[in-house]
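Every read-out reported here was derived from the displayed coordinates using simple, explicitly stated rules and does not represent laboratory data. Keep in mind it's a predicted model, so treat the numbers as computed, not measured. Here the Cβ is made from the backbone with ideal geometry for all residues, glycine too, and neighbour counts use every protein chain on show.
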Amino acid sequence: MSTLLNTPPRRSAHDAFGNARCLVCRACGSEQELGPCYACIECFGPLEVGYEFPRLTRAEIESGPKNIWRYRDLLPVRRDIATIPNTEPGYTRLIKANNLASALGLKALWVKDDSGNPTHSFKDRVVAVALAAARELGLHVLACPSTGNLANAVAAAAARAGIQSVVFVPSDLEQAKILTTAVYGGTLVAVEGTYDDVNKLASEIAGERADWAFVNVNVRPYYSEGSKTLGYEVAEQLGWRLPRQVVIPVASGSQLTKVNKGFAELGRLGLVEQTPYRIFGAQATGCSPVAAAFRAGHDVVAPVKPDTIAKSLAIGNPADGPYVLDVVRRTDGAVESVSDEEIRAGISLLARTEGVFAETAGGVTVATLKKLVETGQLDPEQETVVLNTGDGLKTLDAIADRVGPAATIQPTYADFTATGL
Ligand SMILES: *Cc1c(COP(=O)(O)O)cnc(C)c1O
Ligand SMILES: [Zn+2]
């Protein structure tokens, strides 16, 4: 009953996009129609989705499916989206990390573990929303330039949706990420260049192939909305409240800005109390253009050439860099970076304290959390959430030299006792 009452009376031609009404320029605020566009026709600024939200209750959300579609009314998707085959990402666990908290000297810490998604990274969230948009826009090929995790997510989602996929990756990517993409079928193209070269090529192809949906290029406004669900879930899983501090990895910066958007929307809709929160960004020093701009007090981000083991975060020219700086400064957060050695130590620390095996991006985030505490930038007395966005099984090389058997013995009791165990 309440669902019907809460549905806004005006159902436009845009039913295909749920409560989304237009694309809004993040630079100049001008509006344009929902379509396969990502740049403002007035100023070439980046576009994001604008909505007319219905009144929504916690109970309505709680009665939805245990995946991102429980938030369908807050996403640019049709109401019956959950009935259409997709990979059903989201509603990953939020664990109270008491051991890691004591190791770091924090009072209350949670790990949001997005390695539990269907292809083991947070990218399944954004791809699910991009795929929904591609369908409504009549685009027939799902494509992307990727640092690895996105390639996994696109290939898997396209397989399940029964549509063609073409993904482009730098040829020096981790072997695991190449295999875990190729296994889903579709077409995988290895490009001899950095991610930024691959991205440039993808933009060029997107301009020529009108029926291809490059999830993070021409349907990027829809894609990035998927990241809001990370913010929604954290708040819902905390019992419908916002955390005081959150640490988020930064590649293009989309995820960080959209977690902020998600928190803000929940507050505006009265689903949580509008309590203050601080957002912190985490980068690898070998690719830390946003951390560098933050430290220097700049508003623009100077591109860098990435050199780090955290390949999933290795975007040297991050599209959302300036918006990350804005969010972090407005919420009294910071952007920090950590070395490859600190990243490896971060992976070990999380695994040994909480039994969570993160990929390099998770190592970046945990190590950055540690550094933020040690440098007094993050308040150890305030409740903190740290995101693990990917699975360590995809980046085994990162820890291959650090861990192994304590002993190798013959199958005899004598040999066993010789180990001193
Ligand atoms: C893509 C990715 C991110 C961050 O993505 P943004 O481009 O900043 O939105 C974080 N962690 C992992 C594991 C990723 O694959
Ligand atoms: Zn504009």
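Observations on the structure shown:
- Spacing of the two label points (7 Å from each Cα toward its C-beta) at ALA39 and LYS96, in nm: 5.0
- Relative contact order, percent, the chain [alpha-carbon distance under 8 Å, six or more residues apart]: 14
- Förster-model FRET efficiency, 22 Å R0, ASP197 and ASP307, C-beta, rounded to 0.05: 0.90
- The stretch 116-154 versus the stretch 286-336: alpha-carbon centroid distance in Å: 24
- Cβ-placed point charges (K, R +1; D, E -1), dipole of the stretch 61-186 about Cα centre in debye, nearest 20: 340
- Were the residues from VAL183 through LYS66 laid out at 0.36 nm apart, the gain over their Cα-Cα distance would be 39.5 nm.
- Cα-Cα over 31 Å, subset of LYS107/LYS258; LYS258/LYS370; LYS258/LYS371; LYS107/LYS177: LYS107/LYS177
- Note on VAL373 and THR417: the extension gain reaches 11.6 nm, defined as 0.36 nm multiplied by sequence separation minus the Cα-Cα distance.
- Relative contact order, percent, the stretch 108-156 [alpha-carbon distance under 8 Å, six or more residues apart]: 36
- Principal-axis analysis of the Cα atoms of the chain puts helix 228-237 at an angle of about 70° to the longest axis.
- Cross-link pairs beyond the 22 Å C-alpha cut-off, checked among LYS66/LYS394; LYS66/LYS123; LYS200/LYS305: LYS66/LYS394
- Shape call, the stretch 126-212: gyration tensor on alpha carbons, a/c limit 1.5: oblate
- Extension gain, GLU208 to GLN175, is 8.9 nm, computed as 0.36 nm per intervening residue step minus the present C-alpha separation.
- Counting only alpha carbon atoms, the long axis of helix 340-354 and the longest principal axis of the chain meet at about 90°.
- Spacing of the two label points (7 Å from each Cα toward its C-beta) at ASP326 and ALA296, in nm: 2.0
- Put a plus charge on the Cβ of each Lys and Arg, a minus charge on the Cβ of each Asp and Glu, and nothing anywhere else: the dipole of the chain about its Cα centre is then about 920 debye.
- Label-to-label distance, nm, for residues given as LEU393 and ARG268 (7 Å Cα→Cβ offset): 3.9
- Given charges at beta-carbon only (K, R positive; D, E negative), |dipole| of the stretch 332-378 in Debye: 140
- Each peptide in 308-315, 58-65 gets a packing score, the mean of other Cβ atoms within 10 Å over its residues, and the list from highest to lowest is 308-315, 58-65.
- Between the helical axis of 254-268 and the longest alpha-carbon principal axis of the chain there is an angle of about 60 degrees.
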